[in-house]
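Just below is one structure, and these are the notes that go with it.
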Amino acid sequence: MSQLVFFSSLLVIAILSYLISSFEFLLIAIIVLTSIFLVFAGLIHLLKKLNAKYFKIPSLILVICIFGIGVSLFRPYEKAVTETGTLSEKLKYAYETDQKDRKQLRSFLSYFSDLENRDDIRLAQIKELRREDTIKKSLDKFYAGFIYHHSDNSSDYKIASKLASEAAESASLKDNYQVQWLRKATYDRYLLSKGKQEKYNTQNSFSIDFE
């Protein structure tokens, strides 16, 4: 790999990593696959000498991908909430940024993460919206319930469970897997917060979590 190709690749990966949410997870997958290749190549090399290119190119790919992951850690978050639009639009926006935040690697690295603060901002807005108006639409209740279940106390989990249950009872959402999952997950989270055993087994490490 020539120097021009190498540095061009660095630039392209840097741009993609900065602009595309979740791109870093693709890079992690490439790193894993490349690392596996290098391990096998190393084992084969012990038995039969391999050409240096079998190690050089994968190693450069590793460097490029690691660089891209580093760049992705500085990708800015979108605004956590929006102050414009209808009640439904505000709830939907809060839900969407909640999900997008959890698709960024930086959210899971304490030094780079602002996830906890952003969850607090979203929850504060939802609470204010509930004080100002009644959340009536089933899908709105789902959005609000999702934000509430990212709180850290029993009172909010109880509200999350109530909203999620009401959303799940809607005929239009009865076959929506994520809505039905939230109904179970919020109730389990509430039970655990009260020191009780969960009912649906959604909070253990092996459950499928749509967060």
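Some notes on this structure:
- Filtered residues of the range 67-79 (kept if open to solvent by 70 Å² or more (accessible area, probe 1.4 Å) and assigned to a helix (DSSP H, G or I)): 67
- Every listed requirement among (1) modelled with pLDDT under 95; (2) more than 24 Å from residue 33 (Cβ to Cβ); (3) not in a helix (DSSP H, G or I) is met by residue 82 save one, (1).
- In the range 93-132, of all residues being of a type outside the set (Lys, Arg) and open to solvent by 80 Å² or more (accessible area, probe 1.4 Å), the one that is farthest from residue 68 (Cα to Cα) corresponds to 132.
- Sole exception among (1) in contact (Cβ under 8 Å) with a residue 24 or more places away in the chain; (2) farther than 30 Å from residue 134 by Cβ for residue 97, by number: (2)
- Just so you know, in the range 23-46 the residues that are at pLDDT below 95 and surrounded by 13 or more Cβ atoms within 10 Å (Cβ to Cβ) include one that is farthest from residue 66 (Cα to Cα), and it is 45.
- Residues that are assigned to a helix (DSSP H, G or I), touching a helix residue (DSSP H, G or I) at 6+ places or on another chain (Cβ under 8 Å), small (Gly, Ala, Ser) and closer than 30 Å to residue 109 by Cα, drawn from the range 19-66: 35, 59
- Selection status of residue 61, open to solvent by 70 Å² or more (accessible area, probe 1.4 Å) and either touching a His at 6+ places or on another chain (Cβ under 7 Å) or aliphatic (A, V, I, L, M) (or both): no
- Scanning the range 47-58 for residues that are over 16 Å from residue 10 (Cα atoms) and open to solvent by less than 60 Å² (accessible area, probe 1.4 Å) gives 50, 55.
- Of all residues in the range 145-176, exactly one satisfies the criterion of being crowded, with 24+ Cβ neighbours inside 10 Å and farther than 21 Å from residue 194 by Cβ, namely 167.
- Selection status of residue 22, of a type outside the set (Phe, Trp, Tyr), touching a residue at least 24 places away in the same chain (Cβ under 8 Å) and at positive phi: yes
- Among residues of the range 190-211 being surrounded by 11 or more Cβ atoms within 10 Å (Cβ to Cβ) and of a type in the set (Gly, Ala, Ser), the one that is modelled with the highest pLDDT is 193.
The values are calculated or read from the model by the stated rules, or taken from the named source; none is laboratory data. This structure is a prediction, so every number in the text was calculated from the model and none was measured. Cβ sites come from the backbone with ideal geometry, for glycine too, and all protein chains shown count toward neighbours. SASA here: full protein model, heavy atoms, side chains in, ligands and nucleic acids out. Shrake-Rupley method; radii C 1.70, N 1.55, O 1.52, S 1.80 Å.
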